[in-house]
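Q: Pasting a structure below so you can have a look.
The values are calculated or read from the model by the stated rules, or taken from the named source; none is laboratory data. Computed from a predicted model, the values in this text were never measured in an experiment. Cβ placement follows ideal geometry from the backbone for every residue including glycine, while neighbour counts extend to all protein chains displayed.
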Amino acid sequence: SELEAQYERRFAGSARLYRRAIRLFPSGLTHDARYFAPFPIYAERASGAYKWDVDGHRLIDYWMGHGALLLGHGHPAVAQAVQTQLARGTHLGASHPLEVTWAELVQRLMPAAQRVRFTNSGTEATHLAMRLARAFTGRPRIVKFEGHFHGWHDYAAASAEPPPGIAREGAEATIVVPPNDPVALARVLESRQDVAAVIIEPGGGIWGEVPTTEAFVHAVRDLTLRHGVLLIFDEVVTGFRMAPGGAQEYYGIRPDLVCLGKILCGGLPGGAVAGRADVLDLLAFRDDPARDAREKVAHLGTFNANPLSAAAGIATLQEVATGRPTAIAAERADTLVRRLNEVLERRRVKGFVYGLSSWFHIHLGAEGRQDPQGRWWPVRPAPPGEDLAPHGLVQSLRRAMLLEGVDLMRNGGFLSTAHADQEIEATAQALDAALDRLER
Ligand code: PLP
């Protein structure tokens, strides 16, 4: 198509890199979510709300490190903290003071965090949380919701139709229940005695692609309490974003275990499990080798609580603790969502923009309805693993938006404190121009 031809011409340097990459990586990629036809853009550097590609184009960035950069790219306090630690060593092979300060900040921000254990990613955090829940309850199964993403390990990847290569035990240990349906969850918890925990993305599946109602999150807490089942909040996205204390603060709900990642580490790799002391203490040694071999939950990891991630995490969480970043990013996102919806309405384009906290999804071609507060919601949920809009349309919109200088994360993305009025206005104009391109 003409759009694709323009894209290929505009991003010629990325095309050249992609031709090398496809001889190295399957589909030329290092992360499934970065798939983009005919080729992804290659970014060279980033600052504030922007990234620059290898052809020198400046793009408004809505990936924001897959949602890890609430303070924007290269925030001075974060950059300074990392540089200071870099000079002191990247791995001390020891317990270190920064891990203590870092976990104290988590504990201060999240009342549920009686104990903390750092991991290397959000995937590792959900993996460990599920293991802890099974060990604590002595029950083998975890309930998850269809369309909710908890990383790529076998227990998280189980769904109604698990993809190839998933261990049968992983798929069978996970019970998949439709979201926003308390009756379906109640039925499972009433009929089975083998459920250790329920895990949920409290802000909605795939950062709100499948929105979760507040009433449902409360129902999940009530039902898990009633049936003596642990509740795991996967706050890898929502942690330190929906509120300084995450979705648990936003909804006023106390989960038993919390999975963290992304913002926790200020843009560097890492994650954590936090939660009830009696559950996390299954990780504790008793100096009794026989007991420890039998009862202690194992957890290792060369890069756990890496000092660089700790330094970036501390600098970020100190900012978060002021309350300003979550509030500013959410306010900017509200404005962006309103402005983008205005563009769609003015052009009489079918579709709507859904936003919550500081993320948004543009659902072109989908049917929405407005609630009394003016927020748009999908009328029907997206099919598992899919966007509300057809795949081709999501790709075309992204392509057109890139040509207009905006890098969407799939059909939307994350805002940061670096996204100001100027970037929001430019994004609304870009959507207008991108729709011109799609209609041509
Ligand atoms: N849980 C949620 C809700 C996520 O959004 C993600 C990643 O996007 C993960 C877990 C996995 O985290 P990571 O990519 O750090 O392994």
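Q: Identify the single condition in (1) of a type in the set (Phe, Trp, Tyr); (2) over 19 Å from Ala173 (Cβ atoms); (3) away from the ligand (no atom under 16 Å from the Cβ) that Phe136 does not satisfy, given that it satisfies every other one.
A: Phe136 satisfies every listed condition except (2).
Q: Among the residues of region 206-216, which ones are buried (at least 24 other Cβ atoms within 10 Å of the Cβ) and part of a helix (DSSP H, G or I)?
A: Correct list: Trp207 only.
Q: Out of Val176, Val188, Val229, Val236, which single residue is crowded, with 23+ Cβ neighbours inside 10 Å and more than 11 Å from the ligand (Cβ to nearest atom)?
A: Unique residue meeting the criteria: Val229.
Q: Just checking, which of Thr224, Thr213 is among the hydroxyl-bearing types (Ser, Thr, Tyr) and either touching a Cys at 6+ places or on another chain (Cβ under 6 Å) or closer than 20 Å to Val273 by Cα (or both)?
A: Exactly one residue qualifies, and that residue is Thr224.
Q: Mind counting the residues in region 51-81 that are within 25 Å of Gly122 (Cβ to Cβ) and surrounded by fewer than 19 Cβ atoms within 10 Å (Cβ to Cβ)?
A: Residues in region 51-81 being within 25 Å of Gly122 (Cβ to Cβ) and surrounded by fewer than 19 Cβ atoms within 10 Å (Cβ to Cβ): 3 in total.
Q: Now a separate question. If the Cβ limit is 7 Å and pairs must be 6+ apart or interchain, which residue in region 152-171 that is of a type in the set (Phe, Trp, Tyr) pairs with which residue that is within 14 Å of the ligand (Cβ to nearest atom)?
A: Listed by first residue and then by second, the contacts come to Trp152/Thr123; Tyr155/His127; Tyr155/Met130; Tyr155/Ile142.
Q: Let me ask something additional. For region 397-432, enumerate the residues that are out of contact with any helix residue (DSSP H, G or I) (no Cβ under 8 Å at 6 or more places or on another chain), surrounded by fewer than 22 Cβ atoms within 10 Å (Cβ to Cβ) and among the aliphatic types (A, V, I, L, M).
A: Answer for region 397-432, where residues must be out of contact with any helix residue (DSSP H, G or I) (no Cβ under 8 Å at 6 or more places or on another chain), surrounded by fewer than 22 Cβ atoms within 10 Å (Cβ to Cβ) and among the aliphatic types (A, V, I, L, M): just Ala426.
Q: Restricting attention to region 339-373, report how many residues are aliphatic (A, V, I, L, M) and in a strand (DSSP E or B).
A: Of the residues in region 339-373, 4 are aliphatic (A, V, I, L, M) and in a strand (DSSP E or B).
Q: Given the condition β-branched (Val, Ile, Thr), in contact (Cβ under 8 Å) with a residue 12 or more places away in the chain and under 29 Å from Met409 (Cβ atoms), answer yes or no: does some residue in region 183-190 qualify?
A: Within region 183-190, none of the residues are β-branched (Val, Ile, Thr), in contact (Cβ under 8 Å) with a residue 12 or more places away in the chain and under 29 Å from Met409 (Cβ atoms).
Q: If you don't mind, another one. Which one of these is of a type outside the set (A, V, I, L, M, F, W, C) and farther than 20 Å from Ala157 by Cα: Arg168, Arg187?
A: None of the others qualify; the one that does is Arg187.
Q: Can I ask one more? List the number of the failed condition for His363; all other conditions in (1) of a type outside the set (Val, Ile, Thr); (2) surrounded by 21 or more Cβ atoms within 10 Å (Cβ to Cβ); (3) farther than 30 Å from Arg9 by Cβ hold.
A: (3)
Q: Shifting gears a bit: Determine, yes or no, whether His148 is buried (at least 20 other Cβ atoms within 10 Å of the Cβ) and either in contact with a helix residue (DSSP H, G or I) (Cβ under 7 Å, 6 or more places away or on another chain) or modelled with pLDDT under 95 (or both).
A: yes
Q: Is one or more of the residues making up region 259-267 within 11 Å of the ligand (Cβ to nearest atom), in a helix (DSSP H, G or I) and either on the phi > 0 side of the Ramachandran plot or not assigned by TED's automatic domain parsing to the domain that holds Arg139 (or both)?
A: Checking region 259-267: at least one residue is within 11 Å of the ligand (Cβ to nearest atom), in a helix (DSSP H, G or I) and either on the phi > 0 side of the Ramachandran plot or not assigned by TED's automatic domain parsing to the domain that holds Arg139 (or both).
Q: Filter region 268-294 for residues that are in contact (Cβ under 8 Å) with a residue 40 or more places away in the chain and away from the ligand (no atom under 13 Å from the Cβ) and give the result.
A: Of everything in region 268-294, those that are in contact (Cβ under 8 Å) with a residue 40 or more places away in the chain and away from the ligand (no atom under 13 Å from the Cβ) turn out to be Ala274, Gly275, Arg276, Ala277, Asp278, Val279, Leu280, Asp281, Leu282, Leu283.
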